[in-house]
1. Just to verify a number: FRET efficiency for Asp345 and Ser197, C-beta to C-beta distance, R0 = 22 Å, to 0.05?
2. With every protein chain left in place, what is the accessible area of Asp239 in Å² (1.4 Å probe, nearest 10)?
3. Could you tell me the center-to-center distance, by alpha carbons, between the stretch 153-188 and the stretch 189-243 in angstrom?
4. Report, to the nearest whole %, how much of the accessible area of the stretch 430-479 belongs to carbon and sulfur atoms, 1.4 Å probe, protein only.
5. Compute the length gained on full extension between Phe144 and Ser501: take 0.36 nm times their separation in residues and subtract their Cα-Cα distance, giving the result in nm to one decimal.
6. Share of the stretch 339-426's accessible area from carbon and sulfur, percent, 1.4 Å?
7. Between the stretch 95-127 and the stretch 499-544, what is the separation of their alpha carbon centroids in Å?
8. How much accessible area per residue does the stretch 413-471 have, in Å², with a 1.4 Å probe?
Amino acid sequence: MAAAGDSSVRRRRVETQDSTSPGTQRTQGTDDSAATGTERAEEPAPRCLRPGTYWLTRIVLLRAVAFIYFVAFSVALNQNKALIGERGLLPCKDYLNSVKRYVGGRIGLDALVYTPTILWFLDWSHMDWNLDAIAVLGMVLSGFVLVSGMANMVLMVLLWLLYHSLVSVGQLWYSFGWESQLLETGFLAVFLVPLWSLSMVPRCLSPSLVCVWAFRWLIARIMLGAGLIKIRGDKCWLDLTCMDYHYETQPVPNPLSYFLHRSPWWIHRCETLSNHIIELIVPFFTVIGRRMCMVHGAIQILFQLVLILSGNLSFLNWLTIVPSLSCFDDAALEFLFRSKGGAKDQVLKIQEETEAGLSPKTSRGMQIRKVVNVSLGLLIGCLSVPVVMNLLSSKQVMNTSFDPLRIVNTYGAFGSITKERTEVILQGTSAADPKDPSAVWEEYQFLCKPGDVYRRPCFISPYHLRLDWLMWFAAFQTYEQSEWVIHIAGRLLSNDSSVLSLIDHNPFHGSASPRWVRGEHYIYRFSKPGSSSAARGQWWIRKRIGPYFPPVDLEGLRGYFQSRNWPHPLVPKGRN
C-alpha cells in the first residue's frame with residue numbers, strides 16, 4: 001500500500017514538472033481546450049415543452065379575449081350615451097319599457113329571457129351613469145386579465161354578463177354579428193379558468209380539451225358560415241369578381257384599401273379564389289391531426305391579419321383570431337414566453353411530474369369540474385344542431401342566434417357585395433329659405449366615413465365607430481327605412497352635444513345652429529393614382545345622385561318626433 005502511494009506521488013510530481021516545459025504546455029493547452037469542449041458538449045440542451053397540453057394556450061386565449069373585451073367596453077364608454085343613453089338616438093330606457101309592456105308589465109323571468117341585462121335591476125333615472133359604470137367596470141376587469149394573464153370564473157362570468165347587458169339593449173347599434181361572436185367567445189372563456197384561483201398555471205385544473213375543441217368548433221363555424229353564404233349569396237363570388245369592388249365599397253375603407261382596389265384583375269381573382277379555399281376547405285384541417293390543425297390556425301390568423309390591413313372591419317377580424325389560437329398547444333406557443341422562470345417553467349415541471357406519475361391526486365373539485373366540462377360539451381352539441389341545419393340549408397341566414405343567451409350562433413360576412421359606393425352627406429344652412437339659390441349649405445363630417453373627398457381614409461381597427469358603420473347601411477336604403485337618420489338631423493338642428501360627439505366636424509361650431517338640415521345622396525369612387533384628381537389631393541371622386549331627404553327644420557319635425565315618441569330637440573337660444 002505504501003509503495004503504491006509513493007509511486008503515485010512520484011507520478012504526480014513528474015506530471016507537474018512536465019507541465020512546466022514549453023512543449024508540454026502546448027499539449028496541455030490542447031487538452032484543456034478539448035476538456036472545455038467536452039464540458040460544453042455535456043451541458044444540458046434547453047428543455048422544450050412536449051405537445052398535447054394547453055396551459056400556455058389558455059394564457060394566450062385569456063389575454064386575447066380580454067383585449068377584445070377591453071376594446072369593446074372602451075367603444076361603449078365613448079359612444080353609448082349618445083346612442084342609447086337618456087337622450088340617445090335610441091334610448092335603452094324606452095326599449096326596456098317597451099319590453100316590460102310586452103311581457104305583461106313585470107320585471108320577471110320573461111323579461112330577463114327576452115332581454116338579458118342587469119339594467120333591469122338598476123335605477124333607470126340615472127341611465128347614463130349606469131351605462132358608463134358597466135363600461136368602466138368592464139374595462140377595469142378586462143384590463144386586469146390582459147395585463148396579468150390570470151382570471152377565474154367569477155371574473156369571466158362578470159365580463160360576459162356586463163357585455164351581454166349592453167348588447168341586449170343596444171338595439172340597432174349592437175346588431176352586428178361580432179357582438180354575438182364576442183359573447184360566444186367570452187362564454188367559452190369562462191370554462192378555461194378555475195372557479196376562484198387567480199393562478200396563471202393552476203396545478204389542480206388542467207385546461208379542458210372539451211373547451212379547446214369548442215373554440216376550434218367556433219372558428220370552423222365562422223369560416224364555413226362565411227364561405228357558404230358567399231357562394232349562395234352573390235354570383236360575383238362564383239365568377240371571382242367580388243374583390244374588384246370590395247375594397248372601394250366596404251363599410252369603412254382605410255388608406256391601404258385605396259391602393260389594393262387598383263391591384264391587377266388577376267390578383268383580385270386570386271384573392272377571391274383563396275378566400276373560398278380558406279373558408280370552405282381549410283377548416284377541415286382541424287380534424288386531421290396536430291400538424292394540420294396548426295396549419296389551419298396559422299392560415300386563419302394570417303388571413304385575418306390581411307383583412308385587418310385592408311379595411312376597418314371593427315374588432316371582427318381581431319376577434320376571429322382568438323379561437324384560431326386554440327389550434328396551437330404548449331409546444332407550439334412556448335416561443336411566446338421567456339425561457340427561464342414564469343409560466344413556461346411551471347408547465348415544464350408539470351409535464352415532467354406527469355411523465356413520472358406524480359400528478360396531483362384527484363380531488364372532489366376536479367371530479368365536479370370534469371362533470372362541468374362534459375356538460376359544456378353536451379350543451380354546445382345540442383345548441384349546434386340548428387346551426388348545422390342552417391349551414392346545410394339553401395336558405396342559409398347569417399349572424400343569427402338560436403338561443404337568447406347567444407351561446408352558439410351562426411355567422412357570415414359579405415354574402416352580397418355592393419358594386420357602387422353611395423354615401424349620405426348631411427348638410428346644414430342658416431338661410432331662412434332652403435330653396436333660396438343663394439343659400440350656402442355646409443357639410444357635416446363624420447369621424448371616419450367618407451365625406452370630404454380630400455380627406456384621407458382613416459385607420460381605426462380594432463376600434464369601432466357604430467354611427468359611421470350604420471350610415472353605410474343607410475346609404476343604400478331610404479330614410480323611411482332608416483328613420484334614425486331624421487333623428488340625427490333633428491339633433492343637429494339644435495346643436496345637440498351628445499350627437500355632435502359622434503361627429504368629426506360641425507360647420508356651425510361656435511355660431512348659431514342651422515335653420516335647415518338636409519341629406520344629399522352621392523356616388524363615391526376612389527380617384528385613380530396618378531390622375532389629375534389624385535394630384536390635387538383627392539382620395540375620392542363623387543357624383544350627386546339627388547336628395548336623400550328634403551330640408552327639415554325643428555318646427556316641421558315636431559309632429560314626426562312626437563309620433564315616434566322621440567324627445568323633441570331643444571330650440572337653441574336666440575332662435576325664434
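1. Numbers: r = 19 Å, r/R0 = 0.85.
Working from the Cβ atoms, E equals 0.75.
2. 80
3. Comparing the Cα centres of the stretch 153-188 and the stretch 189-243, I get a distance of 16 Å.
4. Working: 1310 of 2290 Å².
Taking all protein chains in place, the stretch 430-479 shows 57 percent carbon and sulfur surface.
5. On the way: separation 357, 0.36 × 357 = 128.52 nm, distance 2.87 nm.
Gain in length upon complete extension: 125.7 nm.
6. Summing carbon and sulfur atoms, their accessible area is 63 percent of the total for the stretch 339-426.
7. Computed from Cα coordinates, the inter-centre distance equals 41 Å.
8. On the way: 2350 Å² over 59 residues.
Here the residues of the stretch 413-471 average 40 Å² of exposed surface.
The values are calculated or read from the model by the stated rules, or taken from the named source; none is laboratory data. This structure is a prediction, so every number in the text was calculated from the model and none was measured. In this analysis, Cβ positions are derived from the backbone assuming ideal geometry, glycine residues included, and neighbour counts consider all displayed protein chains. Surface areas here come from the heavy atoms of the whole protein model, side chains and all, with no ligands, DNA or RNA. Shrake-Rupley method; radii C 1.70, N 1.55, O 1.52, S 1.80 Å.
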